[in-house]
Amino acid sequence: MRVFLRLHVLDRVAIGLLATGLLCVATGLLPTGPASDAMTRIAPLLAFLGTVIVLAELTSRAEVFDVLAARVARAGRGSYPLLFLLCVAFASLTTIALNLDTTAVLLTPVMLALASRVGIAPVPLAMTTVWLANTASLLLPVSNLTNLLAANRVALSPLGLAGRMWAPQLAAVAVTMACLWLFFWRRGKRGASRTSRPDLVAVPASGPGAARADDVRADAADRYQPPGVHRPADPVLFRACAFACGGFLLAILVADVPLWMASATAAAVAVAAFAVRHRSVLRLSLVPWRLLVMVPGMFLVVETVNAHGLHDLLAAAVGHDGGTLGLFRAAAVGGGLSNVLNNLPVYLAGEAAVPAANHDQLLALLVGTNAGPVVTPWASLATLLWYERCHAYGVRVPVARLMGTGAVLATTAVVTSVTVLALTR
């Protein structure tokens, strides 16, 4: 019991979910047939998740992200709007290419370090990371676990899914950019968060000095000097991991291979490079066991609830209309319930409620469960991981502000993206 209590709260949640799911199977609340089908379905997903996180972690250790962050800072050339555009592109590409959990876990520290380098407050960069981790995850199967679950159902290849979702994805990113600038990046809104880290910007969160300090920080941000070129400590490891990531992207976009196989091969290249150059980094802690425990637990629990009435409720809410109204209903159910529960189990339950022939309605559900979970801290696993990273760095984003601005983003991003999806049938 003492060992359990010493674990991080998310570790306890993961273990609790798995224990609850197994208890449902053991007691017969969840028949073994549906339980076995669910585990068979998510086995490739778990293989992909485990290997892509290892790949991303080693890529981070090889300083690939740090080199990219330094180049982003230099490319900004002292222009705050240009830095904003580059950070949006950086976060979006990381989410699209490596997945949203990688963005939350590994890009968050890089963005916070970037804030320290260029002398601006960390909150705008932190919010750029978490919002785009969710809203930029529509394009490829690799971008989000929900996309992997939907890939077989919609019968689209990675390029086929990209061909169908590129317009809704652009719409979601454009809306996110507008909300980021309105709520966090524009003058007068920068740095409205307190941090205990001395190397990050600290601005009074309230009181008579808050506005004056914010204006001073805004003026300083507009005059920052880009940092020097970041040179990785081990160029061989840097090149090996950059090659592994590039090969992974080519494999999933061009070659007809399973995603888990592509990520496992790329991770093996990175592991081999570290085994030769820096063996001490290769530890069991690289394996994301929390995710590998939490995801099966989520699926088992949702399958249990689904078998006891949730399916009928969702089917009634989603409806059978494959037209424009049906798209908006599916997206609203997905986005709304994701912020109450969590987007991964909500997608799984919602998918079963969407008629098999309504592929566009299923894609609208994906829009809701991908771009919608930005209101509550638990709405997606990526948001939970991001919140944990920010807490570790001493960056505080008030929950009320997170939820208020997130509600605006969720509503506008989902409505705009579904509208574009309907117009581009």
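The set of residues in the range 93-106 being surrounded by 24 or more Cβ atoms within 10 Å (Cβ to Cβ) and more than 10 Å from the chain's Cα centre (by Cα) is empty.
Return the only residue of Arg77, Arg71 being outside any helix (DSSP H, G or I), at pLDDT below 85 and either of a type outside the set (A, V, I, L, M, F, W, C) or under 23 Å from Asn134 (Cα atoms) (or both).
The conditions single out Arg77.
When restricted to residues that are in a loop (DSSP other than H, G, I, E, B) and at pLDDT below 85, the range 1-59 contains 3.
Helices (runs of 4 or more DSSP H) wholly in the range 355-425 with at least 3 residues that are more than 19 Å from the chain's Cα centre (by Cα) and hydrophobic (A, V, I, L, M, F, W, C) - which ones?
In the range 355-425, the matching helices (runs of 4 or more DSSP H) lie at 399-423.
Scan (1) under 17 Å from Asn134 (Cβ atoms); (2) modelled with pLDDT of 90 or more; (3) among the small types (Gly, Ala, Ser) for the single condition Gly350 breaks and write down its number. Among (1) under 17 Å from Asn134 (Cβ atoms); (2) modelled with pLDDT of 90 or more; (3) among the small types (Gly, Ala, Ser), the lone unmet condition for Gly350 is (2). None of Leu125, Leu139 is touching a helix residue (DSSP H, G or I) at 6+ places or on another chain (Cβ under 8 Å), within 15 Å of Leu366 (Cα to Cα) and buried (at least 24 other Cβ atoms within 10 Å of the Cβ) except Leu139. All of (1) modelled with pLDDT of 85 or more; (2) over 21 Å from Leu140 (Cβ atoms) hold for Leu93 with one exception: (2). May I ask you to list the residues in the range 139-170 that are more than 15 Å from Asn343 (Cα to Cα), assigned to a helix (DSSP H, G or I) and polar (S, T, N, Q)? Correct list: Asn152, Gln169.
For every residue, the table says whether it meets (1) in contact with a helix residue (DSSP H, G or I) (Cβ under 9 Å, 6 or more places away or on another chain); (2) closer than 20 Å to Leu291 by Cβ.
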| site | (1), (2) |
| --- | --- |
| Ala38 | yes, yes |
| Arg41 | yes, yes |
| Leu49 | yes, yes |
| Thr59 | yes, yes |
| Val64 | yes, no |
| Arg74 | no, no |
| Ala89 | yes, no |
| Leu93 | no, no |
| Asn99 | yes, yes |
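Does Thr376 satisfy the condition of being buried (at least 24 other Cβ atoms within 10 Å of the Cβ), β-branched (Val, Ile, Thr) and modelled with pLDDT under 95? So Thr376 fails the test. With the structure loaded, tell me whether Val154 is more than 21 Å from Ile120 (Cβ to Cβ) and at pLDDT 85 or above or whether it fails that test. Considered against the rule, which asks whether it is more than 21 Å from Ile120 (Cβ to Cβ) and at pLDDT 85 or above, Val154 comes out as no. For the range 402-415, the tally of residues that are farther than 20 Å from Ala126 by Cβ and surrounded by fewer than 19 Cβ atoms within 10 Å (Cβ to Cβ) stands at 3. Quick check on Val302: is it farther than 30 Å from Thr51 by Cβ and surrounded by 21 or more Cβ atoms within 10 Å (Cβ to Cβ)? It is false that Val302 is farther than 30 Å from Thr51 by Cβ and surrounded by 21 or more Cβ atoms within 10 Å (Cβ to Cβ).
Among residues belonging to the range 118-134 that are part of a helix (DSSP H, G or I) and not hydrophobic (A, V, I, L, M, F, W, C), point out the one that is modelled with the lowest pLDDT.
To start, the set of residues in the range 118-134 that are part of a helix (DSSP H, G or I) comprises 118, 122-134.
From what's left, not hydrophobic (A, V, I, L, M, F, W, C): 122, 124, 128-129, 134.
Values: Pro122: 89, Pro124: 92, Thr128: 95, Thr129: 94, Asn134: 96.
Within the range 118-134, the match that is modelled with the lowest pLDDT is Pro122.
Residues in the range 325-345 that are buried (at least 20 other Cβ atoms within 10 Å of the Cβ), small (Gly, Ala, Ser) and closer than 21 Å to Leu381 by Cβ: Ala331, Gly334, Gly335, Ser338. When Asp312, Asp321 are screened for being over 26 Å from the mean Cα position of the chain (by Cα) and under 27 Å from Pro31 (Cβ atoms), only Asp312 passes.
For every residue, the table says whether it meets (1) within 22 Å of Asn144 (Cβ to Cβ); (2) buried (at least 24 other Cβ atoms within 10 Å of the Cβ).
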site	(1), (2)
Thr51	yes, yes
Val54	yes, no
Glu57	yes, no
Ala70	no, no
Ala75	no, no
Tyr80	no, no
Leu83	no, yes
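In this structure, does Leu45 turn out to be surrounded by fewer than 22 Cβ atoms within 10 Å (Cβ to Cβ), in contact (Cβ under 8 Å) with a residue 60 or more places away in the chain and in contact with a helix residue (DSSP H, G or I) (Cβ under 6 Å, 6 or more places away or on another chain)? Considered against the rule, which asks whether it is surrounded by fewer than 22 Cβ atoms within 10 Å (Cβ to Cβ), in contact (Cβ under 8 Å) with a residue 60 or more places away in the chain and in contact with a helix residue (DSSP H, G or I) (Cβ under 6 Å, 6 or more places away or on another chain), Leu45 comes out as yes. Restricting Ala136, Ala113 to residues that are of a type in the set (Gly, Ala, Ser), within 19 Å of Asn343 (Cα to Cα) and without any contact (Cβ under 8 Å) to a residue 60 or more places away in the chain narrows the list to Ala136.
The values are calculated or read from the model by the stated rules, or taken from the named source; none is laboratory data. In this text the structure is predicted, and so the values were computed from the model without any measurement. Positions of Cβ are generated from backbone atoms using ideal geometry, with glycine treated the same way; all protein chains shown enter the neighbour counts.
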